[in-house]
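**Student:** This is the structure I want to talk about, given as structure tokens.
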Amino acid sequence: MGSVGEHGEEVRQRSYWRWSKQDFLPEESFQSWDNYLHALSQTRFRFKDRLISRSDDANEIDVLRKQSENDMKRCLTWWDLTWFGFGAVIGAGIFVLTGQEANKDAGPAIILSYVASGVSAMLSVFCYTEFAIEIPVAGDFAAFITAGNILLESIVGSAAVARSWTSYFTTLLNRKTNSLRIHTNLTDGYNLLDPIAVVVLATAATIAMISARKTSQLNWIASAVNTIVILFVIIAGFAHADTSNLTPFLPFGAAGVFRAAAIVYFAYGGFDNIATMAEETKNPSRDIPIGLLGSMSIITVIYCLMALSLTMMQKYTDIDPDAAYPIAFQSVGMKWAKYLVALGALKGMTTVLLVGALGQARYTTHIARAHMIPPWFALVHPKTGTPINATLLIAIASAVLAFFSSLDILSSLLSLVIFLLIIIASSMGISANWGLKPDGWVGYVITLPLWFLATLAIQLFLPQQRTPKVWGVPLVPWLPSLSIATNIFLMGSLGQDAFIRFGICTLVMLVYYFLFGLHATYDMAQEQKKAEPLKNIKDENTMERAAP
């Protein structure tokens, strides 16, 4: 595969495995301390420039891609993406969270929790699909915050899945949960070191670095095995069903349903990884919508059937929150089924890590192309056609977290437009009113019209900045606005610790952005502006020579 750089021959001769300052900090602001101090003195001006800047399609699709020097291989179809959807989403979450939330928050109405989360995830899918097809590369401040938080969620999620992999592996070996972890005297919560989780993450990353196509083939096999296990769980559950276990259906009320929905949303996590594979998809306009929407629709149905089978097999008060399905099968005389469930969970978690290794690395590549992080991480290997450096970065970050602790973080990211802020504020008001006084109607009378009028204002007064050329979200701005409202509503059911962790991580990202990312992207934008007149002159000369 050849280079896509402007100086093709020179780029081909450069080794992929290079490690110099110019590969990490090539921008003018970082060439000397004086330059850097001057850049810091202009932080306010540069931030304003980056905040209101917009990249055009040509820059996003053509110019920034050249930062990778080599193209990713277009080898994926809708079939691959559909199975990637299964592999990315169906993991340990459904086996772990269903019993936990049915027992603690929702009872048999856990089915409704999965419906609510599924609708919220589906609304997000519409937005991700347009981003993937129309703008596969990101830029500017809002994109940094968005992509940074998505990566944060993905890294922490991968670490948690890897830790869960170890726990289910001990179940297969019929050993205690922490028997394969190293016990230390570190602070509680970080004192159980998990080398197996590190090995699993390293293996998934290695496969992802070798080839996207081979990763897809392995994902087919693992997802097929997982599908067989899921069908067994559903069929066996209904075969031993007792409808009396569904009464009472709403033991914790509607508030419990939405508390559980905020937690089981984690079981839908990972679908956004599919949206990062546009560059490797043969026909993105057709394949990505089919792969994303098709897989998410089927997954929502599967989750509801699995939740129903569990709550019909066993009374919600008797469900074991730590080992729901194994104990439920044991209660109906199928003790051996716990090993099959553990195997299915292991297979599911393996595919989640495989697809995650692909998607997270591509997010990182997109950010690095815009110089929000060192462009060294944007390089695509000429032989494998994969972003090896970006894959290594995410794998190492996840492995460090997985080795010490399994953290659980749900993060959401929002944009900064005045009407959008009103949408967000009204959505938070709806969520707060539900949490503090669910039966009160005054709060809804204020917040719901605000949400409606703000969305209507966007439609009436803000002209659409770009028209999707291939595929776009229908009913803009209503569906995106509804997506924001439902996600914030579910977030309102989370505990304060989740928001504290989210706030700390966001603060760290902002510090990095204002010290490094802002100045790197500003310098890159200025270089592109200087190069544009030269490019226009070159194009004009080319046209003149071509004219008869």
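The values are calculated or read from the model by the stated rules, or taken from the named source; none is laboratory data. What you are looking at is a predicted structure, and each value in this text was computed from that prediction instead of being measured. Here Cβ is always computed from backbone atoms with ideal geometry, including for glycine, and neighbour counts include all displayed protein chains. With ligands, DNA and RNA removed, areas are computed over all heavy atoms of the protein, side chains included. Shrake-Rupley method; radii C 1.70, N 1.55, O 1.52, S 1.80 Å.
**Student:** Against the condition open to solvent by 60 Å² or more (accessible area, probe 1.4 Å) and touching a strand residue (DSSP E or B) at 6+ places or on another chain (Cβ under 9 Å), how does ILE182 come out, does it pass?
**Tutor:** yes
**Student:** Out of all the residues in region 501-524, which are at pLDDT below 80 and open to solvent by less than 90 Å² (accessible area, probe 1.4 Å)?
**Tutor:** ARG501, PHE502, GLY503, CYS505, THR506, listed by residue number.
**Student:** SER297: within 20 Å of the chain's Cα centre (by Cα) and under 30 Å from GLY148 (Cα atoms), yes or no?
**Tutor:** So SER297 fits the description; yes.
**Student:** Go through region 185-206 and report how many residues are assigned to a loop (DSSP other than H, G, I, E, B) and either open to solvent by less than 80 Å² (accessible area, probe 1.4 Å) or of a type in the set (Val, Ile, Thr) (or both).
**Tutor:** 4
**Student:** Which of the numbered conditions does SER158 fail, given that it passes all the others? Conditions: (1) under 14 Å from LYS347 (Cα atoms); (2) modelled with pLDDT of 75 or more.
**Tutor:** Looking at each condition in turn, SER158 falls short on (1).
**Student:** Does region 95-120 hold any residues that are more than 16 Å from ALA254 (Cβ to Cβ), open to solvent by less than 30 Å² (accessible area, probe 1.4 Å) and modelled with pLDDT of 80 or more, and which are they?
**Tutor:** LEU97, THR98, GLY99, GLY118
**Student:** So GLN67 fits all but one of (1) buried (at least 24 other Cβ atoms within 10 Å of the Cβ); (2) within 26 Å of SER285 (Cβ to Cβ); what number is the exception?
**Tutor:** Result: GLN67 fails condition (1) only.
**Student:** How many residues does region 342-373 contain that are open to solvent by 30 Å² or more (accessible area, probe 1.4 Å) and not β-branched (Val, Ile, Thr)?
**Tutor:** Residues that pass the stated criteria total 2.
**Student:** Moving on to the next point. Name every residue in region 374-394 that is open to solvent by 20 Å² or more (accessible area, probe 1.4 Å) and within 18 Å of the chain's Cα centre (by Cα), in order of residue number.
**Tutor:** LEU392, LEU393
**Student:** Please determine, by comparing only the residues of region 85-96 that are of a type outside the set (A, V, I, L, M, F, W, C) and part of a helix (DSSP H, G or I), which one is nearest to TYR168 (Cα to Cα).
**Tutor:** The selected residue is GLY93.
**Student:** Then there's this: Could you list, in sequence order, all residues of region 323-375 that are more than 27 Å from ILE155 (Cβ to Cβ), in contact (Cβ under 8 Å) with a residue 40 or more places away in the chain, among the aromatic types (Phe, Trp, Tyr) and out of contact with any Lys or Arg (no Cβ under 9 Å at 6 or more places or on another chain)?
**Tutor:** TYR339
**Student:** If you don't mind, another one. Can you tell me how many residues within region 207-261 are surrounded by 14 or more Cβ atoms within 10 Å (Cβ to Cβ), among the polar types (S, T, N, Q) and in a helix (DSSP H, G or I)?
**Tutor:** Summing the residues that are surrounded by 14 or more Cβ atoms within 10 Å (Cβ to Cβ), among the polar types (S, T, N, Q) and in a helix (DSSP H, G or I) in region 207-261 gives 7.
**Student:** I've got another one for you. Pick from region 70-84 the residues that are part of a helix (DSSP H, G or I) and touching a Gly at 6+ places or on another chain (Cβ under 6 Å): which of them is surrounded by the most Cβ atoms within 10 Å (Cβ to Cβ)?
**Tutor:** Within region 70-84, the match that is surrounded by the most Cβ atoms within 10 Å (Cβ to Cβ) is LEU81.
Table: residues versus (1) of a type in the set (Val, Ile, Thr); (2) without any contact (Cβ under 8 Å) to a residue 12 or more places away in the chain.
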residue: LEU180; (1), (2): no, no
residue: PRO195; (1), (2): no, no
residue: VAL199; (1), (2): yes, yes
residue: ALA204; (1), (2): no, no
residue: TRP220; (1), (2): no, no
residue: VAL229; (1), (2): yes, no
residue: SER244; (1), (2): no, yes
